[in-house]
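Scroll down for the structure; my scribbles are underneath it.
Values quoted throughout were computed directly from the atomic coordinates according to the rules given, and no laboratory measurement underlies them. Everything numeric in this text was worked out from a predicted model, so none of it was measured. Cβ: placed from backbone, ideal geometry, glycine included. Neighbour counts: every protein chain shown.
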Amino acid sequence: MSCYQRLLLLTVLVLAGCSNQPEKKLPERRPAEVKAQIRTLLPAKVSDRQGWTDDIFVAFSSQKLDPSVSNVCAVIAVADQESSFNADASVPGLPKIAWGEIDRRAGKLHIPSFVVRTALMIKSPNGKSYTERLDKVRSEKELSDIFDDFINMVPMGQTLFGKLNPIHTGGPMQVSIEFAKAHAEGYPWSVAGTLRQEVFSRRGGVWFGTRHLLGYPASYSQPLYRFADFNAGWYASRNAAFQAAVARLSGIKLALDGDLIQYGSEAAGSTELAVRSLHLGMSDGAIRSALDKGETLAFEKTDLWQEVFARADKNAGKRLPREMLPGIKLESPKITRNLTTAWFAQRVDSRYQSCLARGR
């Protein structure tokens, strides 16, 4: 063997040895260091900086999330947008909103308004009548508590609301109560009351909000699309891009809302029907099976995803986006302006960029 061959062999062996070495992990930072970083990233307006710092730290550590500047700033930006760091923020005009919801439900059941209001004049568990509490309610947490009492104590309450409290989101990050119930595993605190009440607390709101924002894998190019997903649902931004590709190929106008199927129904929705019209050589069952993966990362690995984008890219003569802000109008009694998911995501992103600047 020549010197050159021996040198080449040695080089190959060295490289092979290096390739088998485990990747070096960055040393874990001490809790005090992470907390100091969180405290620095919080906006100056935050009063109880230690309380918010501790709750954000626990959310990251208990969920085993990387407390990078980017991730922490993402959580801070959403909390700032949703509540301005007020865990029990006042909602202007909430009594009017509450009475409007009660009257709307009574109207659907053809129950006269005076009957409802008479029922609400009885004393509630805190000694005040429901009418008094509704007239002075200032926050969603208070309103949720009123409805809980109303449903449990008054026959009229279950007539109007069944056993479902009409307040669906709450807390400093405006998390869905149903999301919290479905993702409560690993919650680090003992729950003295109900999980709904935990969502309305600062610690619970931050914990479930962090899980909703960062607790799923996504291949987005920037956090903007996670912010949209926070408002519209996991993978809504990715799915909206898929819908846009399907609409381009089929010529069928679709709502780019990220909903690939009619959830809770076996009937085919508009996106599913549009996909069927493409004649991809897939059975209806196979198409449905792929679309059922729309709330997971696995959808991007399906034959359906690959084939649709292969055709759409060829049709467009370029690679089409795999992410897109969903076109959803925000609907809520609290919203008096024409707002969209894109508006929400861009507002949060602006706060996120400000947080990154504080980190620099």
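Out of LEU120, ILE252, LEU273, whose Cα points farthest toward the positive end of the dipole of the chain (charges: +1 Lys, Arg; -1 Asp, Glu; placed on Cβ)? Comparing the listed Cα positions along the dipole, ILE252 ranks first.
Here the Gaussian network model covers the chain, with springs between Cα atoms less than 10 Å apart; of ALA77, ALA240, ALA182, ALA182 fluctuates the most. Springs between alpha-carbon atoms under 10 Å, Gaussian network over the chain: tell me which of PRO188, PRO166, PRO217 tops the mean-square fluctuations. Greatest mean-square fluctuation among the candidates belongs to PRO217. Taking amide H positions as modeled 1.01 Å from N, with prolines and chain starts lacking one, the residues under 5 Å from SER129 and 5 or more places away or on another chain are SER124. Among complete DSSP H helices in the chain, those whose alpha-carbon atoms stretch at least 18 Å along the helix's long axis and whose mean Kyte-Doolittle hydropathy reaches 1.0 are 3-19.
Each Lys and Arg contributes +1 and each Asp and Glu -1, all at the Cβ; summed about the Cα centre of the chain, the dipole is approximately 800 debye. Note on segment 32-83: with charges restricted to the Cβ of Lys and Arg (+1) and Asp and Glu (-1), its dipole about the Cα centre is near 120 debye.
Given 10 °C and 1.306 mPa s, how large is the Stokes-Einstein diffusion coefficient of segment 222-355 in µm²/s, with Rh as the Kirkwood radius over Cα pairs? Value of D from the Cα-based Kirkwood radius: 102 µm²/s. Annotation: amide H-H contacts under 5 Å for VAL175 (H modelled 1.01 Å from N, sequence separation of 5 or more, or interchain): GLY170.
Shape analysis of segment 94-168 based on the Cα gyration tensor places the equivalent ellipsoid semi-axes at 16, 13, 12 Å, largest first.
Think of segment 32-83 as a dipole: +1 on every Lys or Arg Cβ, -1 on every Asp or Glu Cβ, centred on the Cα centre; then among ALA36, ALA77, TRP52, ALA36 lies furthest on the positive end. Of all the options GLN81, GLN174, GLN262, the one that moves most in a Gaussian network model of the chain with Cα springs shorter than 10 angstrom is GLN262. In a reduced charge model with +1 at each Lys and Arg Cβ and -1 at each Asp and Glu Cβ, segment 214-360 shows a dipole moment near 760 debye about its Cα centre. Summarising the overall dimensions of segment 173-284 from its C-alpha atoms, the Rg and Dmax are 17.7, 55 angstrom. Return the subset of LYS128/LYS181; LYS64/LYS329; LYS181/LYS293; LYS96/LYS128; LYS64/LYS181 for which the Cα-Cα distance in this structure is over 23 Å, preserving the input order. The answer is LYS128/LYS181; LYS64/LYS329. Please list log₁₀ I(q)/I(0) at q = 0.13, 0.14 Å⁻¹ for the chain, using the Debye equation with identical point scatterers on the alpha-carbon positions. At q = 0.13, 0.14 Å⁻¹ the computed log10 ratios are -1.13, -1.21.
The distance separating the Cα centre of segment 162-209 from that of segment 241-295 comes to 32 Å.
For THR340, the residues whose amide H sits under 5 Å from its own are LEU330, ignoring neighbours fewer than 5 places away on the same chain, with H placed 1.01 Å from N.
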